[in-house]
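Student: Dropping a structure here in structure tokens format, bear with me for questions.
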Amino acid sequence: MQADLLLPLFSRKPRRYQAIYYILTGKRTVSNLLAGLTYDLLPYFHFYPKLLQADYQAALQQLMSQQYLKVQSETKTIRLTALGQLAQVQLLQRQIWPQTYDYWRDGDWQLQWERLLLSVQVISNYQHQQRHYAPLATQPLVQAEIRQWFYRSGRRQQHQFVKDLIATVTGLPKDLADLLANSLRSNAYAGTSDFQLGLDLNLTADELSLKRIAALSQFMHDITFLPQQSPLRQVFPAAPSPLSRGAEHTYALWQADQPWSTIVQNSYQKEGTLLEHLLEAAILVPDFNFESLPLQQLIAVNPESYFAQRLSEIQAQRRKND
Amino acid sequence: MTKQTLQAELKTRFKFTEFRPGQAELLQAILDGQNALGVLPTGSGKSLIYQFLAPHIEGLFIIVSPLISLMSDQLERIQAAHLGKATVLNSRLNAQDRRYILAHLADYKFLFVAPETLCQPQIIRRLEEVNIGLFVVDEAHCISGWGPDFRPDYLRLGTVSQQIKPQVTLALTATATDQVCTDIKHQLFSHQAVYIYRDSVDRPNLYLRTEFVQRDDDKWQILQQLLVPRWPTLIYVATRKQAEELALKIAGATKRPVAFYHAGMDNLARQQVQQLFMRDQLDVVVATSAFGMGINKDNVRLLIHYEMPANFENYLQEIGRAGRDGQQALTLIFVHQNDFQRLLTRQQANQIQPQTVSHFYHQILDATLQDSPSQLDVLQAYQRADFTEDEVIATLTKTQRVRANQVQQFWRFLNSTTCLRQQVCDYFDHQSQTIQHDEHCCSTSQALTLSELLSKLTLPTLTTESPTTQLLSAGQIWPQLFVDLTETDES
Ligand SMILES: [Zn+2]
């Protein structure tokens, strides 16, 4: 991995680098999510799901030897040096970092990317009477979804899809529009290799991937202005609940005003786990009610507890971010 | 079924007029209900065999493949040819997709599976409930400790086969010496009767060439000379980094559309390079050994080994990707003392030490294993195959010896002055033929200069318009992707 592309994840204030690694690879624990909230990196959850610990470490080492980062071994934190901050600013000016990306709004970019490629391929090939081709999606889930989407859409919807696609891409800044359009392909149009695309846009392979996410995320944002029934919009399912299944369940009971003692009694899980579910909701649910009476009662049981301490941390942090 | 009936079906279903050597023979044997082993050169259409059999044999076809990239290539081709529903089971699949596939096995005709996945008890249990028509073991030489690609997980395939009870089993490989064939028969078929088809490895349309260089930079000078004519060109290098760097160098120095290819790229990016190369939209691909298996480009005219492969087997597989259309192709390998040393160093670094094995078996923390996930993978594979610590050490010692021996043998070949093609045949063929060496056969740079050679060989160049390396704008792309855009605007 190209080391300098990690710079936007750090600041002049020390940050726990392991927590950042877990955020990038999508390890969902309260501690990681809270770090994400504190560092304002929550949107980058699951951003590099395939990043290897060894590669991450090697990249940090490189940035340290370049005097961009300074490590504090006792606290296992890293902060940007003045030089590093300068490099960070320069990188951000190059418009390759996906500033608008938000995992909780856009969903897994890898799936969304495959949805875009495959829907374009399917429509283009259909229009050119091409029936035999390998799908531009590796995930069976995406393949099944787009197949169903395609069978549902008639001639009119297909035209609408093309029209909306062109209009949305045309509305992007030109460099993002060209990058996106040059990533599409079908039997009728062979497209270009990532290598060539990188050469022409003067981007390395890693920079290209990053800028592609930037383009995708802008695109995903723009299609939300299309009517709900737009066939293009239907290619991209709305982001599911931000909560894990367990937290989702606990939070639903909580929302339904079940007394905490009942929730604990009826659950197979330990109370500690259920409290973590609430913390997860406190971090991720947009309109989480910190002032509710049951919550205040729960805090009052033991204001010094891990739960109460974390909750107030989360609340303070969310207030600050808003 | 007679060969004529088979041929008629080949024409209607696959639009080919002739079978490649071995295909018809293996099909006949399998349709007669015999287990079979096919030793067929790379590019001889091994996958056509099971594709052909799909409507003839009821039940699920399981195809075991050692490499994930290989599986997705084959899967894509089956999907493209619409021969039946196909899917992949391997470690990359998430739990949700995996559950979905296992629950819907009956809907599939082809299941590509990694050996370590296939050997999992819950997968076997599920497969025992399903009617298995054909069990294909691809790259079957991986079962042999005498081959260069030995994989412990392959050892269990014989047992698995007895559990899932396929109607017929077919083992396929491109490279197998006598010793490896014996191992396959023993391990996979427990010495039952097996129909064997073995083709000669000789490919008369491939010109073999060794190019001796003194300095690393000499390679680049020679390469530039070779890249002048528009021959579809495949260049093999040893590492991903080399692939990327050389592609960049070529892009800077020539106008030829070029790309790199290695296993570190994601599936879709790899697929894109393959397809552009297939359509002659890319002239040159710089690749690691990940490129090739399952790729059907037939007009590669120039194939270069920029670095030496580890053995005859890899060399043969890789040069086999040139000239599949039967027209002449030039395969050239650089010979450089440093390459040999580098290869030995790489091999030594990858060797698993007895102490590491011992640590692994006694669950003692081992720094090597923490730093090298691939060594850990190998040891886990041995453990899954029920090897004891001593057996692992003995097997590793043996494979290391085999490997060292193979490098030496290959290095001798590279430095030899007798007919190169004859040596390749002697190494692989069961009953080696005598090669009639002529000016279309082989040469070393010591005997014949490159310019002399190039003037003698008349390799066809690409006649299509040279693809542009300039990017199109979004506005230029839409009319190529979609038809009746105007109608869209009006509606
Ligand atoms: Zn010869």
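Student: Identify, please: which residue in the range A:131-160 is more than 9 Å from chain B (Cβ to nearest Cβ) and aromatic (Phe, Trp, Tyr) and is, among those, nearest to A:VAL235 (Cα to Cα)?
Tutor: Only one residue tops the list, namely A:TRP149.
Student: Could you check how many residues of the range B:391-414 are in contact (Cβ under 8 Å) with a residue 24 or more places away in the chain and under 19 Å from B:THR345 (Cβ atoms)?
Tutor: Residues meeting the conditions: 12.
Student: Please work out if B:GLU318 is crowded, with 23+ Cβ neighbours inside 10 Å, in contact with a Gly (Cβ under 9 Å, 6 or more places away or on another chain) and in a helix (DSSP H, G or I).
Tutor: It is false that B:GLU318 is crowded, with 23+ Cβ neighbours inside 10 Å, in contact with a Gly (Cβ under 9 Å, 6 or more places away or on another chain) and in a helix (DSSP H, G or I).
Student: Out of all the residues in the range A:178-212, which are part of a helix (DSSP H, G or I), at the interface with chain B (Cβ under 9 Å from one of its Cβ atoms) and farther than 17 Å from A:GLU114 by Cα?
Tutor: Within the range A:178-212, A:ASP178, A:PHE195, A:GLN196, A:LEU197, A:LEU199, A:ASP200, A:LEU201, A:ALA205 meet the criteria.
Student: Which pairs turn up if I take residues in the range B:19-33 that are assigned by TED's automatic domain parsing to the domain that holds B:THR169 and look for partners that are part of a helix (DSSP H, G or I) and of a type in the set (Phe, Trp, Tyr) with beta carbon separation below 7 Å, at least 6 apart in sequence or on another chain?
Tutor: Going by the 7 Å Cβ cut-off, the qualifying pairs are B:LEU27/B:PHE52.
Student: Test B:THR417 against the stated conditions and say whether it is more than 13 Å from chain A (Cβ to nearest Cβ), within 30 Å of A:ASP194 (Cβ to Cβ) and either touching a residue at least 24 places away in the same chain (Cβ under 8 Å) or within 16 Å of the ligand (Cβ to nearest atom) (or both).
Tutor: The answer is no for B:THR417.
Student: Let me ask you something else. Picking from A:LEU136, A:LEU141, which residue would you name as being at pLDDT below 95 and buried (at least 22 other Cβ atoms within 10 Å of the Cβ)?
Tutor: Going through A:LEU136, A:LEU141 in turn, the sole match is A:LEU136.
Student: Moving to a separate point now. Of all the residues that make up the range B:202-233, how many are loosely packed, with under 15 Cβ neighbours inside 10 Å and among the basic types (Lys, Arg)?
Tutor: Residues that pass the stated criteria total 1.
Student: Would you confirm whether or not the range A:272-289 contains a residue that is under 16 Å from A:LEU34 (Cβ atoms), touching a residue at least 60 places away in the same chain (Cβ under 8 Å) and either aromatic (Phe, Trp, Tyr) or out of contact with any Leu (no Cβ under 7 Å at 6 or more places or on another chain) (or both)?
Tutor: So far as the range A:272-289 goes, yes, one or more of its residues are under 16 Å from A:LEU34 (Cβ atoms), touching a residue at least 60 places away in the same chain (Cβ under 8 Å) and either aromatic (Phe, Trp, Tyr) or out of contact with any Leu (no Cβ under 7 Å at 6 or more places or on another chain) (or both).
Student: While we're looking at this one, here's another question. I'd like to verify a number: residues in the range A:165-177 that are more than 9 Å from chain B (Cβ to nearest Cβ) and crowded, with 20+ Cβ neighbours inside 10 Å, how many?
Tutor: Going through the range A:165-177 one residue at a time, the tally reaches 2.
Student: OK, next. Give me a count of the residues in the range B:422-470 that are within 13 Å of the ligand (Cβ to nearest atom) and within 14 Å of chain A (Cβ to nearest Cβ).
Tutor: Residues meeting the conditions: 0.
Student: Considering each residue of the range B:161-205, count those that are under 16 Å from B:ARG20 (Cβ atoms) and not in a loop (DSSP other than H, G, I, E, B), and give that number.
Tutor: 5
Student: Shifting gears a bit: What single numbered condition from (1) over 21 Å from B:GLY38 (Cβ atoms); (2) buried (at least 24 other Cβ atoms within 10 Å of the Cβ) fails to hold for B:GLU129?
Tutor: Answer for B:GLU129: the failing condition is (2).
Student: Shifting gears a bit: What residue, of A:GLN196, A:GLN160, is over 30 Å from B:ALA86 (Cα atoms) and buried (at least 21 other Cβ atoms within 10 Å of the Cβ)?
Tutor: A:GLN196
Student: If you scan the range A:250-305, which residues turn out to be among the aromatic types (Phe, Trp, Tyr), assigned to a helix (DSSP H, G or I) and under 23 Å from A:ARG105 (Cβ atoms)?
Tutor: A:TYR251
Rundown of residues vs (1) of a type in the set (S, T, N, Q); (2) out of contact with any strand residue (DSSP E or B) (no Cβ under 7 Å at 6 or more places or on another chain); (3) not in a loop (DSSP other than H, G, I, E, B), yes/no style:
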| site | (1), (2), (3) |
| --- | --- |
| B:GLN272 | yes, yes, yes |
| B:PHE277 | no, no, yes |
| B:GLY292 | no, yes, no |
| B:ASN299 | yes, yes, no |
| B:GLU313 | no, yes, yes |
| B:PHE334 | no, no, yes |
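Student: Name the single residue, out of those in the range B:234-259 being surrounded by fewer than 23 Cβ atoms within 10 Å (Cβ to Cβ) and among the small types (Gly, Ala, Ser), that is modelled with the lowest pLDDT.
Tutor: Only one residue tops the list, namely B:ALA238.
Student: Now, a different point. Among the residues of the range B:473-491, how many are at pLDDT 80 or above and either more than 7 Å from chain A (Cβ to nearest Cβ) or more than 25 Å from B:ARG230 (Cβ to Cβ) (or both)?
Tutor: Of the residues in that region, 10 qualify.
Each row is one residue, and each column tells you yes or no for (1) surrounded by 15 or more Cβ atoms within 10 Å (Cβ to Cβ); (2) under 28 Å from B:GLN383 (Cβ atoms); (3) out of contact with any helix residue (DSSP H, G or I) (no Cβ under 6 Å at 6 or more places or on another chain).
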residue	(1), (2), (3)
B:ALA81	yes, no, yes
B:ALA86	yes, no, no
B:ALA95	no, yes, yes
B:LEU105	yes, yes, yes
B:LEU111	yes, yes, yes
B:ALA140	yes, yes, no
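Student: Any idea which of A:LEU80, A:LEU86, A:LEU116 is farther than 23 Å from A:ALA181 by Cα and crowded, with 18+ Cβ neighbours inside 10 Å?
Tutor: The unique qualifying residue is A:LEU80.
Student: Considering every residue within the range B:52-64, establish whether at least one is over 26 Å from B:ALA29 (Cβ atoms), exposed (fewer than 15 other Cβ atoms within 10 Å of the Cβ) and at pLDDT 85 or above.
Tutor: Within the range B:52-64, none of the residues are over 26 Å from B:ALA29 (Cβ atoms), exposed (fewer than 15 other Cβ atoms within 10 Å of the Cβ) and at pLDDT 85 or above.
Student: Separate question: Condition first: part of a helix (DSSP H, G or I) and of a type in the set (A, V, I, L, M). Now tell me which residues in the range B:1-27 satisfy that.
Tutor: B:LEU6, B:ALA8, B:LEU10, B:ALA24, B:LEU26, B:LEU27
The values are calculated or read from the model by the stated rules, or taken from the named source; none is laboratory data. Every value quoted in this text rests on a predicted model; they were computed, and no experiment measured them. Every residue, glycine among them, receives a Cβ derived from its backbone with ideal geometry; neighbour counts consider all protein chains shown.
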